[in-house]
Amino acid sequence: MVTSCVAFYPCVSLAETEKFYTEIIGLGLAFAGENSRIFSCGGGGYFGFVEYPEKRAEPGKLCLSLNCGSEKEVDEEYHRVIARGGKPQNEPAQHSTQPVYSFFLRDPSGYLVEFQKVMGTML
């Protein structure tokens, strides 16, 4: 069961992005990772930003993430997607660099879609 969603966007500077969204826009910081930030938009919506080593925003790096309540729910969504004809790029797994358990697939337009559980958060 999907409980909320995060749309991830590339950014040039996490520090500047965090300052803008928390101090200028007034959003709460829901998660701070080594190369990512997730901001609470209220009502279960979130904006996520990832800083890439290239220090440039690349449109191909966009990711639409759907949050699940547990790793078990990520697994259930994986099987549901396959049953409906979806073709995931990977089986659900723990990320090597982030406290996230997820799987990915692409939509017809080429956008990356992720079903995830961010560990240690209410996301």
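Tabulated values for the structure
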quantity: Pairs with Cβ under 9 Å, 6+ apart, first in the stretch 1-21 and at negative phi and part of a helix (DSSP H, G or I), second loosely packed, with under 14 Cβ neighbours inside 10 Å and among the β-branched types (Val, Ile, Thr); calculated: none
quantity: Residue match in the stretch 25-33 (condition: out of contact with any Ser or Thr (no Cβ under 8 Å at 6 or more places or on another chain) and farther than 19 Å from residue 121 by Cβ); calculated: yes
quantity: Residue satisfying condition, being of a type in the set (Ser, Thr, Tyr), touching a Leu at 6+ places or on another chain (Cβ under 7 Å) and closer than 21 Å to residue 3 by Cβ, within set 70, 40, 102; calculated: 40
quantity: Any hit, the stretch 22-36, residues being touching a Leu at 6+ places or on another chain (Cβ under 8 Å), of a type in the set (A, V, I, L, M, F, W, C), in contact (Cβ under 8 Å) with a residue 24 or more places away in the chain and surrounded by 13 or more Cβ atoms within 10 Å (Cβ to Cβ); calculated: yes
quantity: Hits in the stretch 4-58 - residues which are within 16 Å of residue 95 (Cβ to Cβ), among the aromatic types (Phe, Trp, Tyr) and within 14 Å of the chain's Cα centre (by Cα); calculated: 8, 31
quantity: Looking only at the stretch 85-120, and only at residues there that are among the hydroxyl-bearing types (Ser, Thr, Tyr) and at pLDDT below 95, the one that is farthest from residue 52 (Cα to Cα); calculated: 109
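The values are calculated or read from the model by the stated rules, or taken from the named source; none is laboratory data. All values derive from a computational prediction rather than experimental measurement. Please note: Cβ atoms are built from the backbone with ideal geometry, for glycine as well, and neighbour counts cover all protein chains shown.
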